[in-house]
Amino acid sequence: MVPGFSAAHRGGDGPPMVCLHGFMDTWRTWELVLPALERRHDVLAPTLAGHAGGPAFDAAAGYGGLVDAVERAMDDAGFAAAHLVGNSLGGFVALQLAARGRARSVVALAPAGGWERGGDFYPAIAHRQAEMHRGLQGAALSADALMSTVQGRRSATEMNTVAFEHIPAELLAHQLRGAAGCDALTMIDCALREGYELDAERVTCPVRIVWGMSDRLLPLPVSAVRYRRDWLPTADWVELDDVGHAPQLDVPLAAAQLILNFTAR
């Protein structure tokens, strides 16, 4: 566990909800939407395995072990099933949990894994993420100073959000340190070996997929081919203009409403 980072957050009251962050992030990516979600739900936001504050990533167990770790956290919280919300890698994990029967509903924000098998799309992303992670090691040492400037905050958010002025500098510094503390290279190697597969026939709960039309990390349509065509063609689909890869940070009020409107059905 990385010092200064916590394994999970829990708060609120109501039907259970689990919020799952993206690759190289932490549970705190949900901070701007938690006040709204916790007015209606008992929210558990764990840090994924391999990430700063979370349990170790077991390369031998692969990405199935990542899902197992969230299941254990749900068991410990007393959640047999929950409304699942996930961004990017967390969206993919949420859908894996749904295939295991642990979801009442899923809201997936730009979920990973929907690109075509083969080809160079994911290897190119993986290479870029690996290079980014290496570059973050030095930057994390000066995270607070970097986030004290507009230029630093824009640089830190340009791959995830269109809007950034409203995101607290302290949260961005935390995310930078968290990204540097992630076991990213091990996880990238595992993902390149395993690929991303979903037993979509076992996903029987309602699913909403939300995608920012200005997503620079997983742009449409190439990033969602299998979700639209093969895996979840009947999912409720929402596209957000002028929004990037992390709607919960970019447009937190709109993201919270999209989640709550769906869980209230």
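Read-outs throughout are calculated quantities, based only on the coordinates presented, and are distinct from any laboratory measurement. Since the structure is predicted, the reported quantities are computational estimates derived from the model, not experimental observations. Neighbour counts run over all protein chains shown; Cβ positions are idealised from the backbone, glycine included.
For the pair residue 222/residue 149, report the inter-label distance in nm, with labels modelled 7 Å from Cα in the Cβ direction.
Distance between the two pseudo-spin positions: 3.2 nm.
Please list the non-local residues whose amide H lies under 5 Å from the amide H of residue 20, H modeled 1.01 Å from N, same-chain partners needing a gap of 5 or more.
85, 86, 87
Peptides 217-227, 54-64: what's the order by average Cβ count within 10 Å, highest mean first?
Details: 217-227: 18.5, 54-64: 16.3.
Packing order, densest peptide first, comes out as 217-227, 54-64.
May I ask for log10 I(q)/I(0) of segment 116-265 at q = 0.18, 0.19, 0.20 Å⁻¹, from a Debye sum over the Cα atoms as equal point scatterers with solvent left out?
-1.26, -1.32, -1.36
Length gain on complete extension for the stretch residue 264 to residue 165, per 0.36 nm per residue less the alpha carbon to alpha carbon distance?
Working: separation 99, 0.36 × 99 = 35.64 nm, distance 3.06 nm.
Stretched out fully, the residue 264 to residue 165 stretch lengthens by 32.6 nm.
Before rounding to the nearest 500, sum -39500 (n - 2.57) across all DSSP H runs of length at least 4 in the chain and divide by the residue total; then give [θ] at 222 nm in deg cm²/dmol.
Values: 10 runs with 104 residues, N = 265.
When only DSSP H runs of four or more count, the value is -11500 deg cm²/dmol.
Any idea how far the Cα center of segment 209-243 sits from the one of segment 116-167, in Å?
Segment 209-243 and segment 116-167 have Cα centres separated by 21 Å.
Note the direction-averaged projected area, equal to a quarter of the hull surface, for the Cα convex hull of segment 1-104, in nm².
With the hull built on Cα positions only, its mean projection is 6.0 nm².
Expressed as a rounded percentage, what relative contact order does segment 69-174 have, with Cα pairs under 8 Å and six or more residues apart?
17
If the elastic network links every pair of Cα atoms under 10 Å, which of 74, 132, 213 fluctuates the most in the Gaussian network model of the chain?
Its mean-square fluctuation being the largest, the pick is 132.
Beyond 31 Å, what share of the Cα-Cα pairs of segment 8-263 remains, rounded to the nearest whole percent? Display every interim value, and only then the final one.
Working: 5220 of 32640 pairs.
Here the tail beyond 31 Å accounts for 16 percent of pairs.
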